[in-house]
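Okay, so here's the structure we're looking at.
The values are calculated or read from the model by the stated rules, or taken from the named source; none is laboratory data. Bear in mind the structure is a predicted one, so any value in this text is a computation, not a measurement. Every residue, glycine among them, receives a Cβ derived from its backbone with ideal geometry; neighbour counts consider all protein chains shown. For accessibility, only protein heavy atoms count, side chains too; no ligands or nucleic acids. Shrake-Rupley method; radii C 1.70, N 1.55, O 1.52, S 1.80 Å.
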Amino acid sequence: MIKIDSISKEYVMGDNKLLALNNVNVSILNGEFVSIMGSSGSGKSTLMNIIGCLDVPSSGDYFFKDENISNFNANKLAELRNREIGFIFQNFNLLPRLNALENVVLPLLYSGKNQKERNNLALKALENVGLKDRIHHRPNQLSGGQQQRVSIARAIAGSPKLILADEPTGALDSKTSIEIMKILNDLNAKGITVVLVTHEDDIAKYASRIIKMKDGQIIEDKKNVPN
Amino acid sequence: MSLTDLIYLSQKSLRSNILRSVLTSLGIIIGVSSVITMISIGSGARQEVEEQIERFGSNNLILRSQSSSNRGVSMGANSINTLTLKDMEALKNELPAISAIAPRVSLSTQIIANGNNWLATVTGTTNDYFNLGNWKFELGRSFQDDELDSGSRVAIIGKTVQKNLFGTDSPIDEVIRINKVPFTVIGLLDAKGGTAWADLDDTIVVPLKTAKQRLVAKKFPGDQIRSMTINVSSSDLLFKTEKDIDTVMRKLHKISANGNPDFVIRNYAQFLNARQESSRVMSILLATVAGISLIVGGIGIMNIMLVTVTERTKEIGVCMSVGAKKRDILLQFLIESLMISLIGGLIGIGLGLGVIFGVSEYFNWKMSLDYFSLVLSFVFSSSIGIIFGFYPARKAANLNPIDALRYE
């Protein structure tokens, strides 16, 4: 599904050059559940942003479903994100003025689906995360766990093949974290590829493969048997 | 993303901060209401001038006797009628620019007919009076030469007189008594409507000779007359002729160039010009206000939109992460600024209509509202929204998704 071929990412900060990714090679297969671990500054977020087409590499090639998308322009990348990728963020990143349903509809607006279709899809996604009775609540009327479930619904509403979760449990207590990870597990069981960035061992262990990073390089890549 | 979706999202974010949105559109509100007021003042003045010309005829000067002062004591407006038919002939002969002159004597008196009575102004004159004053006949005819020459007791009446003496019945061939003298009605004049100071239709016109012999023999003895309406062949000659008349009249009445004249020349065109000029000054003033406030309003919109883009950087990042293209973001913010300016435009139109209504009621100024000004206001305010909203919108659209998402 994803092939990262000797990708480097360099940030220039004044006179200093910071090599966030140093010649990284990694492939992720269809249906995998991968955790990327590492301390802050290890390059795990940068790798995740490049996988999610939010950022472009300084050098190297990125193949998404066998297509080299390194040269895609901003609009083509936006289309790809819209169609193939769902994001889950640590701070949920819901739009405060929109209610749960409208937040979930948002990606479907950009894909140009008609109103009836997108409402059905959004309702189904909210039902999947168990929030059917909260669709008219605004984010500030929902608990952290509920907000994260809305953002999962938003990520899956357009039925993407890949879900990227950036510290999805970072702002949640441990009980809620377990609920969220169960949802991600269920999604993975339905065949969606999940890539998770975390620095917590307990969370990483939900994955079937754990990649550890340090100083912009992959230092460990091993199979994991989820508990 | 469809337009309705964009509008829906825009109104959501505008409504989340209503006070700010309204304050932002204040410049547009003032600008648009000034534009509307300006245009309607301008076109109202133009219309009024056209109507006045329609009523009183164009290129006319009115020459009237003036109370001369006798050793510093004013003798009153009607004390001496200094104008004569001889003056009229002399002016006609000396000044070729004059195409016609209608002499006039007048009195206000009781009219009795049909068992009713009515106080009206009676004018003694010639047929030129109708041509120069733009009078049209609804019924009947003007005077025949022999009626003028022999001093026949025939009268032509205005609409107001008809209404008060005969109601809606035809007055033709009816007899009316003016100052107890019976006259036969031969014509009915078309309605002209009132002005601010007089009802023009409250009039009765009789031949000059008849009036002088039977109605005003004491008031206007000999060949004295009250005034004359002088028609000048072209409007370019109006002011020159006014001066020439002054010169000729001073010569006839033996008044030195700097002495007090016993006559006054009223130039109606001058009055109209002054009226037009003052509304033009008003319009320029309002246009300046409109221009400045539209520009300031536009800058205000740009300023607030820049603030909004900065405030919502993270949101823009979120939208981009779920698949918003540059175009989607650009349109979203453009529509937001367009909506601010259009709402400002609508409120401005409302305010402008209020001002127009208030001014025309209160000052009795003629203001005409034309739809052109409404269209113009819409075009103005929407183009300001687009022009001044474009830079902030483009700034938002050009954000890098990851930078926007990371913005705190």
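The table for this structure:
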{"item": "So B:E408, is it loosely packed, with under 15 Cβ neighbours inside 10 Å, at pLDDT below 85 and within 14 Å of another protein chain (Cβ to nearest Cβ)", "result": "yes"}
{"item": "Residue that is most open to solvent (accessible area, probe 1.4 Å) [pool: residues in the range B:77-96 that are modelled with pLDDT of 90 or more and in a loop (DSSP other than H, G, I, E, B)]", "result": "B:P96"}
{"item": "Enumeration of residues in the range A:73-95 that are assigned to a loop (DSSP other than H, G, I, E, B) and either out of contact with any strand residue (DSSP E or B) (no Cβ under 7 Å at 6 or more places or on another chain) or facing chain B (nearest Cβ under 7 Å) (or both)", "result": "A:N73, A:N91, A:F92, A:N93, A:L94, A:L95"}
{"item": "Count of the range B:10-51 residues which are touching a helix residue (DSSP H, G or I) at 6+ places or on another chain (Cβ under 6 Å) and part of a helix (DSSP H, G or I)", "result": "22"}
{"item": "Exclusive hit being without any contact (Cβ under 8 Å) to a residue 12 or more places away in the chain and over 16 Å from B:E94 (Cα atoms), set B:F271, B:F220", "result": "B:F271"}
{"item": "Meets criteria (assigned to a helix (DSSP H, G or I), within 14 Å of chain B (Cβ to nearest Cβ) and more than 16 Å from A:N91 (Cβ to Cβ)) for A:A155", "result": "no"}
{"item": "Breaking point among (1) within 14 Å of another protein chain (Cβ to nearest Cβ); (2) buried (at least 23 other Cβ atoms within 10 Å of the Cβ); (3) part of a helix (DSSP H, G or I), for A:R149", "result": "(1)"}
{"item": "Subset of the range B:389-408 [in a helix (DSSP H, G or I) and more than 14 Å from B:Q332 (Cα to Cα)]", "result": "B:P401, B:I402, B:D403, B:A404, B:L405, B:R406"}
{"item": "Lone unmet requirement of (1) on the phi < 0 side of the Ramachandran plot; (2) of a type outside the set (D, E); (3) in contact with a Leu (Cβ under 9 Å, 6 or more places away or on another chain) for A:N91", "result": "(3)"}
{"item": "Residue match in the range A:64-72 (condition: modelled with pLDDT under 95, open to solvent by 40 Å² or more (accessible area, probe 1.4 Å) and in a strand (DSSP E or B))", "result": "yes"}
{"item": "Residue that is least open to solvent (accessible area, probe 1.4 Å) [pool: residues in the range A:158-197 that are touching a residue at least 60 places away in the same chain (Cβ under 8 Å) and of a type in the set (G, A, S)]", "result": "A:A165"}
{"item": "Leading residue by the ranking (surrounded by the most Cβ atoms within 10 Å (Cβ to Cβ)) among those in the range A:198-217 that are of a type outside the set (G, A, S) and assigned to a helix (DSSP H, G or I)", "result": "A:I203"}
{"item": "Cross-chain or 6+ apart pairs with Cβ under 6 Å, the range B:274-289 first and of a type outside the set (A, V, I, L, M, F, W, C), then part of a helix (DSSP H, G or I)", "result": "B:Q276/B:A45; B:Q276/B:V49; B:S279/B:I41; B:S279/B:A45; B:S283/B:M38; B:S283/B:I41; B:S283/B:G42"}
{"item": "Tally, over the range A:40-55, of residues that are within 14 Å of chain B (Cβ to nearest Cβ) and surrounded by fewer than 20 Cβ atoms within 10 Å (Cβ to Cβ)", "result": "1"}
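Residue-by-condition table, conditions (1) aliphatic (A, V, I, L, M); (2) more than 12 Å from chain A (Cβ to nearest Cβ); (3) in contact with an Asp or Glu (Cβ under 7 Å, 6 or more places away or on another chain); (4) open to solvent by 30 Å² or more (accessible area, probe 1.4 Å):
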{"residue": "B:V296", "(1), (2), (3), (4)": "yes, yes, no, yes"}
{"residue": "B:T308", "(1), (2), (3), (4)": "no, yes, no, no"}
{"residue": "B:E311", "(1), (2), (3), (4)": "no, no, no, yes"}
{"residue": "B:Q332", "(1), (2), (3), (4)": "no, no, no, no"}
